[in-house]
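Only one structure is covered here, and it is reproduced in the block below.
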Amino acid sequence: MTAHVLTVSCKSTRGIVAAITGYLADQGCNIVDSSQFDDLETGLFFMRLSFDSQEGNQQAELEKGFAAVAARFQMTAQFHDSEHRMKVLLMVSRFGHCLNDLLYRWKIGALPIEIV
């Protein structure tokens with residue numbers, strides 16, 4: 001199985017979640033985590049999904065097929081390979097416990113990032 005992350009943002013409207021999850025299901029993907037919210041001040045919708053491609057679809061294939069869904073909702077969408085560790089700069093203000101918590105989570109593998 002290939003693990004991926006999809007992030008999207010667009011104007012909030014009815015049917016976005018159904019279109020995204022329906023596309024992934026049609027491609028043989030299993031969603032393992034999903035978070036979404038509407039920003040009521042800007043009227044924007046944001047979503048982040050973690051999913052496994054149980055049929056071994058490559059990221060390029062998924063992106064190409066998803067273009068129609070993205071165009072329908074005029075959304076910005078990005079696919080990420082979850083095996084690729086994102087480079088991250090950590091910045092905290094005032095309280096050392098926040099930095100300590102992030103570093104601890106990184107050390108035990110709970111945060112799959114590369115701290116630069």
Would you pick out the residues in the range 77-92 that are surrounded by fewer than 10 Cβ atoms within 10 Å (Cβ to Cβ) and touching a residue at least 24 places away in the same chain (Cβ under 8 Å)? 83, 87, 89
Verdict on residue 47 being farther than 28 Å from residue 115 by Cβ and open to solvent by less than 100 Å² (accessible area, probe 1.4 Å): no
Among the residues of the range 31-39, is there at least one that is open to solvent by less than 70 Å² (accessible area, probe 1.4 Å) and within 18 Å of residue 72 (Cβ to Cβ)? no
If you take the residues of the range 29-81 that are among the hydroxyl-bearing types (Ser, Thr, Tyr) and part of a strand (DSSP E or B), which of them is farthest from residue 11 (Cα to Cα)? 53
In the range 90-104, the residues that are of a type in the set (A, V, I, L, M, F, W, C) and assigned to a helix (DSSP H, G or I): 98, 99, 102, 103
A careful count of residues in the range 93-116 that are without any contact (Cβ under 8 Å) to a residue 24 or more places away in the chain, open to solvent by less than 70 Å² (accessible area, probe 1.4 Å) and farther than 18 Å from residue 50 by Cβ gives 6
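The values are calculated or read from the model by the stated rules, or taken from the named source; none is laboratory data. Just so we're clear, the structure is a prediction, and the values are computed from it rather than from any experiment. FYI the Cβ positions are ideal-geometry reconstructions off the backbone, even for glycines, and counts take in every protein chain you see. Ligands, DNA and RNA are stripped out before the accessible areas are found, and what is left, the full protein with its side chains, is counted by its heavy atoms. Shrake-Rupley method; radii C 1.70, N 1.55, O 1.52, S 1.80 Å.
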